[in-house]
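Written out below as structure tokens is the structure these notes cover.
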Amino acid sequence: MENQILGLHHITAIAGNAQRNFNFYTKVLGLRFLKKTVNFDDPGTYHFYFGDESGSAGTILTFFPWEHMTPGRRGPGQATEIGYAVPAGSLDFWMQRFEANGITYNKPAEKFGQRYLTFLDPDGLKLELTEVADDPRTPWATPEVSAEVATRGFHHIKLTLSDIKGTAAVLTDVFGYKLVAQHVNRFRYATDALGTANIVELVAAPGEQHGHVAAGSVHHVAFRVKDDATQLYFRDLLLKKGFQVTPQIDRQYFHAMYFREPGGVLFEVATDNPGFMVDEPLAELGTHLMLPAQHESKRAAIEAHLPVLS
């Protein structure tokens with residue numbers, strides 16, 4: 001099939017303190033700092049990108065760190081958990097690491113036949129490490145987090161919903177996902193377009209208090225397409241099904257379009273092109289403050305306002 005959703009592209013969340021966010025994801029979790037830029041709509045705020053060596057789709061976690069943002073609340077209408085794949089047998093390493101760094105975590109458990117470990121980042125964002133025996137992706141390794149235990153990229157995203165029917169229909173009828181497993185109120189959908197970063201879990205939570213998106217919350221979930229033509233195909237398909245979809249927006253490193261799915265979660269469809277090397281070489285990713293053209297003339301004022309990272 002020519003027009004396909006290729007799993008997850010990136011996930012964007014909200015943080016509080018920028019330095020604390022940077023330290024956790026680069027030093028504790030061991031991700032590469034890919035890009036230091038600004039929120040295009042609020043250039044007084046950073047936009048951080050973390051991932052593998054080159055920013056491969058399916059590994060990219062991004063943050064808007066708003067210093068004085070109030071804490072969010074998990075609940076229906078939100079993406080409530082970000083899952084990473086890690087090598088089989090690595091959870092003991094991660095428990096020891098979280099213990100040493102004062103990170104809140106739960107003991108390993110099992111779901112859908114896989115061991116997993118749940119933990120919280122410093123803003124309360126819920127994450128999960130799932131052991132995968134044969135993930136072929138090359139990890140970003142650091143002196144403290146070796147390739148033998150490092151994250152490989154996304155395993156899944158979990159959405160908590162009052163009613164899963166409308167969201168499930170988007171996944172199956174538009175994005176080409178299939179229901180592959182169910183346990184009580186948790187439904188696992190996957191696409192066979194590729195073998196990694198290809199799972200969306202829907203949790204039905206009728207009657208629960210709706211979530212509130214703020215610090216420690218996922219802002220939106222981006223699905224991957226290979227190019228602009230494929231993105232246009234899905235935009236037309238979504239419009240025909242009655243969704244309100246933005247025009248294509250240039251986000252410097254990919255092209256984006258957004259819509260809100262029936263359960264209330266903001267979805268994005270993002271292209272592979274042009275990639276993170278459009279303004280920095282591979283070896284220098286994340287080492288400069290990169291501004292979009294529309295904000296370059298205000299660089300001095302923006303730099304003076306942003307907190308200095310150490």
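A compact table of results
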{"quantity": "Check on Gln248, of a type in the set (S, T, N, Q) and open to solvent by 50 Å² or more (accessible area, probe 1.4 Å)", "calculated": "yes"}
{"quantity": "Region 145-176, subset among the hydroxyl-bearing types (Ser, Thr, Tyr) and in contact (Cβ under 8 Å) with a residue 40 or more places away in the chain, residue farthest from Gly263 (Cα to Cα)", "calculated": "Thr151"}
{"quantity": "Qualifying residue in region 222-237 (condition: open to solvent by 50 Å² or more (accessible area, probe 1.4 Å), among the aliphatic types (A, V, I, L, M) and touching a strand residue (DSSP E or B) at 6+ places or on another chain (Cβ under 8 Å))", "calculated": "no"}
{"quantity": "Residue in region 95-108 that is farther than 14 Å from Leu127 by Cα and in contact with a Lys or Arg (Cβ under 9 Å, 6 or more places away or on another chain) present", "calculated": "yes"}
{"quantity": "Evaluation of Gly264 against (1) open to solvent by less than 50 Å² (accessible area, probe 1.4 Å); (2) in a loop (DSSP other than H, G, I, E, B); (3) on the phi < 0 side of the Ramachandran plot (one fails), failing number", "calculated": "(3)"}
{"quantity": "Pro136 being open to solvent by 30 Å² or more (accessible area, probe 1.4 Å) and in contact with a strand residue (DSSP E or B) (Cβ under 9 Å, 6 or more places away or on another chain)", "calculated": "no"}
{"quantity": "Some residue of region 139-160 being open to solvent by 40 Å² or more (accessible area, probe 1.4 Å), within 29 Å of Val269 (Cβ to Cβ) and not in a loop (DSSP other than H, G, I, E, B)", "calculated": "no"}
{"quantity": "Hits in region 251-261 - residues which are in contact with a helix residue (DSSP H, G or I) (Cβ under 8 Å, 6 or more places away or on another chain), open to solvent by 20 Å² or more (accessible area, probe 1.4 Å) and assigned to a strand (DSSP E or B)", "calculated": "His255"}
{"quantity": "Residue that is open to solvent by 30 Å² or more (accessible area, probe 1.4 Å) and aliphatic (A, V, I, L, M), where the choices are Leu309, Leu202", "calculated": "Leu309"}
{"quantity": "Residues (farther than 24 Å from Gly195 by Cα and either in a loop (DSSP other than H, G, I, E, B) or touching a Cys at 6+ places or on another chain (Cβ under 6 Å) (or both)) located in region 117-138", "calculated": "Asp121, Pro122, Asp123, Gly124, Leu125"}
{"quantity": "Single unsatisfied condition, Trp66 versus (1) within 26 Å of Gln231 (Cα to Cα); (2) in contact with a Ser or Thr (Cβ under 8 Å, 6 or more places away or on another chain)", "calculated": "(1)"}
{"quantity": "Matching residues, region 207-228, being on the phi < 0 side of the Ramachandran plot and free of Cβ contacts under 8 Å to residues at least 60 places away in the same chain", "calculated": "Asp227, Asp228"}
{"quantity": "Residue match in region 172-190 (condition: buried (at least 20 other Cβ atoms within 10 Å of the Cβ), closer than 29 Å to Phe24 by Cα and hydroxyl-bearing (Ser, Thr, Tyr))", "calculated": "no"}
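Conditions (1) touching a Leu at 6+ places or on another chain (Cβ under 8 Å); (2) of a type in the set (Asp, Glu); (3) under 29 Å from Leu194 (Cβ atoms); (4) at pLDDT 95 or above, marked per residue:
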residue	(1), (2), (3), (4)
Tyr25	yes, no, yes, yes
Leu31	yes, no, yes, yes
Phe40	no, no, yes, no
Gly44	yes, no, no, no
Phe50	yes, no, yes, yes
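Table: residues versus (1) in contact (Cβ under 8 Å) with a residue 24 or more places away in the chain; (2) more than 29 Å from Ala205 (Cβ to Cβ); (3) of a type in the set (Lys, Arg).
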site: Gly16; (1), (2), (3): yes, no, no
site: Gly30; (1), (2), (3): yes, yes, no
site: Gly72; (1), (2), (3): yes, no, no
site: Gly83; (1), (2), (3): yes, no, no
site: Tyr105; (1), (2), (3): no, no, no
site: Phe112; (1), (2), (3): yes, no, no
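Listed here are the residues, each with its yes/no results for (1) at pLDDT below 95; (2) touching an Asp or Glu at 6+ places or on another chain (Cβ under 8 Å); (3) of a type outside the set (Lys, Arg); (4) closer than 19 Å to Gly30 by Cβ.
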position	(1), (2), (3), (4)
Arg137	no, yes, no, yes
Val145	no, no, yes, yes
Thr151	no, no, yes, yes
Ser162	no, yes, yes, no
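The values are calculated or read from the model by the stated rules, or taken from the named source; none is laboratory data. As the structure is a prediction and not an experimental result, all values here were calculated from the model. Because the Cβ atoms are built from the backbone with ideal geometry, glycine has one as well, and the counts that use them run over all protein chains shown. What goes into the accessible areas is simple: the full protein's heavy atoms, side chains included, and nothing from ligands, DNA or RNA. Shrake-Rupley method; radii C 1.70, N 1.55, O 1.52, S 1.80 Å.
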